[in-house]
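Q: Let me give you the structure first, and then I'll get to my questions.
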Amino acid sequence: MDLTLLRTFVTVHRAGSFTRAAALLGLSQPAVTGQIRTLERQLGRPLFVRRARGVTPTTTGDELAHRIAPHVDALLEITESGQDERWPHRTLHLAGPPEFTALRVLPALSPLITQGLTVRAAHGMSEDLFEGLAAGRHELAVTTSRPRGRLLTATPLCDEEHVLVGAPRWAARLGGAAVVRDKGVGVLEHLPVVEVDESLPFVTRYWSAVFDSKPVATGAVVAPDLRAVLSCVAAGAGIGVLPRYLCEEALDSGEVVALLNPPVPPLRTYFLVVRAGTLAHPHLARAHEWLLRAAVSW
């Protein structure tokens with residue numbers, strides 16, 4: 001049986017669409033359809049049910065995918081390894097949140113870059129990154145949620161702790177973390193808030209986890225970059241919720257102050273997400289493994 005047909009079949013099975021699989025394989029949609037029809041004729045059974053949007057595997061299709069996908073991935077790893085030796089300067093198309101990518105991911109990949117890897121980075125929210133991976137625009141994405149479906153696979157990378165912070169004058173006005181802990185959310189309700197979006201995602205998540213309530217404030221400053229939030233908080237524009245990795249230096253220097261130290265701080269998990277089977281590409285596998293190793297110290 002032709003490996004090309006099997007690779008196309010596995011890609012369609014994971015993508016759930018002839019059109020999406022064609023984009024991932026660099027083929028035309030009629031070419032993918034023709035290959036699947038050829039494979040179905042060879043097997044004597046239908047592998048997919050055509051729907052208005054995409055395709056659904058038959059029981060035969062699911063069984064075949066379960067049996068052959070690991071072997072197809074292994075064979076592709078062998079062939080891709082040979083390509084990587086001939087063309088060692090591969091480009092990694094990476095995407096993730098702008099702050100985490102800038103402060104964590106790209107510095108961690110620097111040793112690979114000095115070895116010849118080139119990187120092209122893009123930014124976006126998780127759903128946009130999933131779409132970019134599915135369409136082949138990205139190879140590796142760092143996201144804050146797990147993807148759905150079979151096309152993308154996610155590996156937990158690290159957890160980030162969220163901290164409620166303010167300028168020292170706000171901490172003095174409130175009376176310190178002990179007062180906030182004892183009096184509760186009421187002392188914070190009418191303070192100006194600095195956030196990345198009108199929906200106050202970081203503050204809302206923190207309020208829900210720590211106070212079991214929703215914030216009543218609106219954003220005094222809304223800027224779509226956590227580094228801008230930190231700068232505004234440090235300047236006294238209001239209070240904010242930030243990842244500890246991003247505000248650690250400001251906390252150590254006293255530029256900002258933690259307004260509360262809950263016994264169980266809110267956490268958010270980052271994931272490394274790739275298209276299923278693409279870790280057969282050596283340059284992608286190296287970057288994936290390198291980031292997992294680096295994240296141990298994050």
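The values are calculated or read from the model by the stated rules, or taken from the named source; none is laboratory data. Just so we're clear, the structure is a prediction, and the values are computed from it rather than from any experiment. Cβ atoms come from the backbone with ideal geometry, glycine included; neighbour counts cover every protein chain shown. Each accessible area value is taken on the protein alone, full model and side chains, heavy atoms only, with ligands, DNA and RNA left out. Shrake-Rupley method; radii C 1.70, N 1.55, O 1.52, S 1.80 Å.
Q: Being more than 27 Å from residue 297 (Cβ to Cβ), within 11 Å of the chain's Cα centre (by Cα), in contact (Cβ under 8 Å) with a residue 40 or more places away in the chain and open to solvent by 30 Å² or more (accessible area, probe 1.4 Å) is the filter here; which residues of the stretch 113-161 pass it?
A: none
Q: Would you say residue 110 is in contact with a Ser or Thr (Cβ under 6 Å, 6 or more places away or on another chain) and without any contact (Cβ under 8 Å) to a residue 60 or more places away in the chain?
A: Values: in contact with a Ser or Thr (Cβ under 6 Å, 6 or more places away or on another chain): no; without any contact (Cβ under 8 Å) to a residue 60 or more places away in the chain: yes.
Spelling it out, it is not the case that residue 110 is in contact with a Ser or Thr (Cβ under 6 Å, 6 or more places away or on another chain) and without any contact (Cβ under 8 Å) to a residue 60 or more places away in the chain.
Q: Looking at the stretch 35-64, which of its residues are more than 12 Å from residue 8 (Cβ to Cβ) and either aliphatic (A, V, I, L, M) or touching a strand residue (DSSP E or B) at 6+ places or on another chain (Cβ under 7 Å) (or both)?
A: Those that are more than 12 Å from residue 8 (Cβ to Cβ) and either aliphatic (A, V, I, L, M) or touching a strand residue (DSSP E or B) at 6+ places or on another chain (Cβ under 7 Å) (or both): 43, 49, 52, 55, 56, 57, 58, 61, 64.
Q: Pairs under 8 Å by beta carbon, first residue farther than 24 Å from residue 228 by Cβ in the stretch 182-202, partner among the polar types (S, T, N, Q) and open to solvent by less than 70 Å² (accessible area, probe 1.4 Å), six or more apart or different chains?
A: What qualifies is 185/213.
Q: Please determine, by comparing only the residues of the stretch 248-276 that are among the aliphatic types (A, V, I, L, M) and part of a helix (DSSP H, G or I), which one is surrounded by the fewest Cβ atoms within 10 Å (Cβ to Cβ). Give the steps one after another, and end with the answer.
A: So the first thing to find is which residues in the stretch 248-276 are among the aliphatic types (A, V, I, L, M), and the list is 250-251, 256-260, 264, 267, 272-274, 276.
Imposing the further condition that a residue be part of a helix (DSSP H, G or I) reduces the set to 250-251.
On the way: 250: 18, 251: 15.
Residue satisfying both the conditions and the ranking: 251.
Q: Please state which one of 292, 279 is in a helix (DSSP H, G or I), open to solvent by 40 Å² or more (accessible area, probe 1.4 Å), closer than 30 Å to residue 110 by Cα and touching a His at 6+ places or on another chain (Cβ under 7 Å). Talk me through it step by step, then tell me what you get.
A: Details: 292 fails: touching a His at 6+ places or on another chain (Cβ under 7 Å).
That would be 279, the only listed residue that is in a helix (DSSP H, G or I), open to solvent by 40 Å² or more (accessible area, probe 1.4 Å), closer than 30 Å to residue 110 by Cα and touching a His at 6+ places or on another chain (Cβ under 7 Å).
Q: Quick check: anything in the stretch 163-182 modelled with pLDDT of 95 or more, part of a loop (DSSP other than H, G, I, E, B), open to solvent by 30 Å² or more (accessible area, probe 1.4 Å) and more than 21 Å from residue 127 (Cβ to Cβ)?
A: no
Q: Got at least one residue in the stretch 223-244 being open to solvent by 40 Å² or more (accessible area, probe 1.4 Å), on the phi > 0 side of the Ramachandran plot and more than 22 Å from the chain's Cα centre (by Cα)?
A: No, every residue in the stretch 223-244 fails to be open to solvent by 40 Å² or more (accessible area, probe 1.4 Å), on the phi > 0 side of the Ramachandran plot and more than 22 Å from the chain's Cα centre (by Cα).
Q: Next question. When residues of the stretch 29-52 are filtered for being open to solvent by less than 60 Å² (accessible area, probe 1.4 Å), free of Cβ contacts under 8 Å to residues at least 24 places away in the same chain and polar (S, T, N, Q), how many remain?
A: 1
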